[in-house]
1. Let me know the charge dipole size of the stretch 141-180 about its Cα centre in debye, to the nearest 20, where only the beta-carbon of Lys, Arg (+1) and Asp, Glu (-1) is charged.
2. Can you flag which of K125/K158; K86/K151; K173/K311; K151/K225 are past 25 Å Cα-Cα?
3. For the stretch 72-101, which GluC sites (Glu not before Pro) are both in a DSSP coil and crowded by at most 15 other Cβ atoms within 10 Å?
4. What number, rounded to the nearest 500 deg cm²/dmol, is the helix-based mean residue ellipticity at 222 nm of the chain, given -39500 (n - 2.57) per DSSP H run of at least four residues and division by all its residues?
5. Across all directions of projection, what mean area in square nanometres is found for the Cα convex hull of the stretch 132-270?
6. If one puts a single equal scatterer on every Cα of the stretch 194-313 and applies the Debye formula without solvent, what log₁₀ I(q)/I(0) results at q = 0.10, 0.23 Å⁻¹?
7. Among (i) 1.09; (ii) 0.98; (iii) 1.45, which one is Cα Rg over 2.2 N^0.38 Å computed from these coordinates?
8. For the chain, give the percent of accessible area contributed by carbon and sulfur heavy atoms, probe 1.4 Å, rounded to a whole number.
Amino acid sequence: MIVNFTPKIQSHNMFPPHTPAFCGYRSQFTRELDKFIASTTKDTAEEKSLIAQLKAMLPQITKPENEMGAGQYGKVYRIDDEYALKLPHKSKEISEEQVVLNNNTVIQKLKTYYGGFVAMIGDAKILRNARQSANHMPAGITDEITENWQKAGYYRNKYLNRFSMLPQQAFDKVASDFKTLSRERKSFDTINPNNFLADGDELKIIDDLENPDDKFFNSLAGMFKVFLTSFDRNTPAEYDVLAVGSRRILLRKIILAGEKNELDFGSTMPEINELNEGLRLSDIQEPWSEIRHNLINIRRRYPNMPERLNKINEYLDEIEETQYNPYMD
């Protein structure tokens, strides 16, 4: 739900004033926007000032060097270290004279989501900047890599190397948000892995929320699809014997994160296919049906979560030790 603010109307704000977890550049526009969001009453003079500032800044914001990414419907540009601006492809100016703040209670529950707008002026959306460190990378393979022979090397040496080294806690938060969305009957866009960003030691998710269906999964299968089975939005990942080690590390972190949050595994045929494909790419010969059965048994036998996670780690060790290792020949 969105709320249109008019002068002196009381409002409960979705995004309270916050202190960024970094010492970055905050523009005058950002400082005034935070003040406007935090105010219990919305003054028209402040609103007009914000809109005028954004209009004046637009030519500078939309310079090519500020572009942070592009999707099917628009581009995202950096405003400063705290906020970014999302504009439709055909939008060249801001014509509206009203600021709309986001009061979506679903988004308020999420830990990793940066795709929801903070404020909207016409069709221009102001987002939290998901890139708050110098070390950031999208999952999968970016659009700039078009040659098939380059994709496997980038995926193995860049993507898998970076994401497999993220701390367990980063995946735990993503699994928690998947479960939250499952309860809310919504889903992240799990078709495009580029919507999931590594930023420092954190995972952050961008783009719009979707309705779960046979393409968008809010289950463990959705995490498999994003982090293990997709090169990009159009290309499934390929088996690479040199990538098995990193894939297994990533597979373990995803399964542990899912179990820590008791995330649904996924029961539809497309979801089961993703789960089996994630195992195949990780050189795990055991079918998902067998692994699922054993995970459920462990869940039932060990209600204490630390003990359960320890048993799952032991189980995954056993699986990996019994699989064929080409380097042992």
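1. Numbers: 6 positive and 5 negative charges, 36 e Å.
Using Cβ point charges on Lys, Arg, Asp and Glu, the stretch 141-180 gives about 180 debye.
2. In this structure, K125/K158; K86/K151 lie more than 25 Å apart at Cα.
3. Those satisfying the criteria are E93, E96, E97.
4. -12000 deg cm²/dmol
5. In nm², the orientation-averaged hull projection of the stretch 132-270 is 8.1.
6. -0.31, -1.53
7. Entry (i).
8. 50
The values are calculated or read from the model by the stated rules, or taken from the named source; none is laboratory data. Every value quoted in this text rests on a predicted model; they were computed, and no experiment measured them. Counting neighbours? That spans all protein chains shown, and the Cβs are built from the backbone with ideal geometry, glycine included. Surface accessibility is based on the protein's heavy atoms, side chains included, excluding ligands, DNA and RNA. Shrake-Rupley method; radii C 1.70, N 1.55, O 1.52, S 1.80 Å.
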